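Read the figures in this text as sums done on the coordinates, not as results from a lab. This structure is a prediction, so every number in the text was calculated from the model and none was measured. Cβ coordinates were reconstructed from backbone atoms using ideal geometry, including for glycine residues, and neighbour counts include every protein chain displayed.
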Amino acid sequence: MHAIRRAILAMAAPLALGLCCSAASPAGKRASGGAPSCDYACLTSFADRYLSALAARDPSRLPLAAGLKFTENTIPLKIPDALWGTISGLGTYRICFADPQAGQVGCEATIRENSTPAILAVRLKVVDHQITEVETVVRRGREPAENLEKLGRPNPVWLEPVSASEETARATMLQAANQYFEGIVHLSGDIVPFDDRCNRILDGTQDTNNPSYNEGWANGSYNPAALGCRDNMNSKIWAYIKSIDPRRFLIVDEKRGIVFGFFMFNHPGTVEFADVPGVGKIPMPPSARRPFSVEVAEFFKIESGKIRQIEGVQLALPYKSPTGW
């Protein structure tokens with residue numbers, strides 16, 4: 001994990017799932033016959049149109065609602081502010097997911113900003129075939145985007161519909177993803193429904209089951225990235241992160257078994273050691289010993305009620321920053 005990535009895991013007061021998971025409520029009108037006014041294919045076409053219009057720096061190509069709300073890196077702005085003026089093209093890596101019940105679609109994609117690779121996470125809300133909300137995180141810096149593109153394509157589990165035998169009810173999908181954060185809160189991977197094959201990629205780097213990657217914990221003598229998802233969490237190296245608040249679950253893609261949201265990790269910089277079971281106290285790296293927050297755009301693949309894969313991008317912010325939403 002990168003220094004920013006260390007803010008992924010945190011202790012937080014439990015949230016009632018019905019309150020924290022806004023994707024559980026329908027959004028947008030329904031056409032006669034009960035079908036959503038914008039179905040799965042419709043929503044994914046909006047994602048494609050948005051990225052194409054963004055790359056062309058031409059918002060006139062989009063049906064933007066009069067009261068559109070737009071943020072980039074938590075700051076409320078107006079289209080075509082910020083990335084709309086600096087993007088120079090799309091990259092080669094893209095994952096999208098849609099939630100007709102919530103009327104929302106999201107993507108993680110590599111882009112070029114003035115020719116420099118970057119990662120974009122974007123969420124659109126569509127009502128009556130107009131875009132009413134655009135929430136974006138731009139992970140700037142060449143290395144994360146290049147690392148994603150070196151993978152060639154997203155892990156196939158993100159692209160495949162869940163089989164009939166692995167389908168999970170919407171509420172159970174949300175519960176599984178939320179339990180990931182509860183595991184962080186309690187410093188216990190044992191309470192999280194991890195699939196034994198689970199891996200996590202953040203900012204373009206796989207930071208589980210990857211012994212070749214080492215952030216330098218204990219001057220390199222201890223490597224939590226070599227551990228699987230459950231044991232990595234059980235290592236308690238994330239004890240310095242003291243809250244995950246808010247937890248905004250916004251998209252539940254029941255077709256592909258994906259839960260996506262934005263999550264704010266806050267840590268005060270006051271925890272000096274991780275008490276790793278069987279190892280002992282390991283000093284926190286310098287980057288963890290300062291107050292800051294991190295917003296993570298993160299998504300989870302859920303199969304048979306278990307977390308099969310995790311991926312996301314992160315944005316370092318001043319301590320206790322607001323989300324802009």
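With no solvent and one equal point scatterer placed on each C-alpha of the chain, evaluate the Debye formula and give log10 I(q)/I(0) for q = 0.14, 0.15, 0.16 Å⁻¹, two decimals. Computed log10 I(q)/I(0) values: -1.10, -1.26, -1.44.
Under 19 Å from the 7 Å Cα→Cβ point of Ala218, by amide nitrogen: which residues of the stretch 170-209? Of the residues in the stretch 170-209, 188-189, 208-209 have backbone N under 19 Å from the label point off Ala218.
Using a cutoff of 8 angstrom between alpha carbon atoms and counting only pairs six or more residues apart, the relative contact order for the chain works out to 21 percent. Taking 28 Å as the straight-line reach from the Cα of Lys320, the lysines in range (excluding those fewer than 8 positions away in the same chain) are Lys69, Lys78, Lys125, Lys236, Lys242, Lys281.
Classify the stretch 95-223 as rounded, prolate or oblate from the Cα gyration tensor: take a ≥ b ≥ c as the square roots of its eigenvalues, call it rounded if a/c is under 1.5, otherwise prolate when a/b beats b/c and oblate if not. Here the stretch 95-223 falls in the oblate category. For Ala56 and Leu151, what does the FRET efficiency come to when R0 = 25 Å and r is the distance between their Cβ atoms, rounded to the nearest 0.05? Given R0 = 25 Å and the Cβ-Cβ separation, E is 0.40.
As a proxy for reagent exposure, ranking Phe299, Phe260 by other Cβ atoms within 10 Å from fewest up yields Phe299, Phe260. Comparing Gly312, Gly89, Gly261 in a Gaussian network model of the chain (Cα springs below 10 Å), the most mobile by mean-square fluctuation is Gly89. Applying 1/(1 + (r/R0)^6) with r as the Cβ-Cβ distance of Ser37 and Asn210 and R0 = 45 angstrom yields a FRET efficiency of 0.55. Taking every DSSP helix (H) stretch of at least 4 residues in the chain, weighting each as -39,500 (n - 2.57) and dividing the sum by the residue count yields a mean residue ellipticity at 222 nm of -5000 deg cm²/dmol. The label-point distance for Ala169 and Glu272, in a model that sets each label 7 Å from Cα toward Cβ, rounds to 4.9 nm.
Determine, for each peptide in 229-242, 200-213, the mean count of other beta carbons within 10 angstrom over its residues, then list the peptides with the highest first.
On the way: 229-242: 21.9, 200-213: 18.9.
Averaged packing, sorted descending, gives the order 229-242, 200-213.
Counting Lys +1, Arg +1, Asp -1, Glu -1, what net charge surrounds Lys78 among other residues with beta carbon under 15 Å of its beta carbon? Please list the in-between numbers first.
Details: positive: Arg57, Lys69; negative: Glu72, Asp81, Glu133, Glu135.
Result for the local shell: -2.
Approximating the spin labels as points 7 Å out from Cα along Cα→Cβ, the Arg142-to-Ala226 distance works out to 3.1 nm. The fewest-to-most ranking of Arg140, Arg308 by surrounding Cβ atoms within 10 Å reads Arg140, Arg308. For Leu120, Leu315, Leu159, the sequence from fewest to most other C-beta atoms within 10 Å is Leu159, Leu315, Leu120.
How much length is gained on full extension from Leu159 to Thr92, taking 0.36 nm per residue of separation minus their Cα-Cα distance? Display every interim value, and only then the final one.
Numbers: separation 67, 0.36 × 67 = 24.12 nm, distance 1.50 nm.
22.6 nm is the gain from fully extending Leu159 to Thr92.
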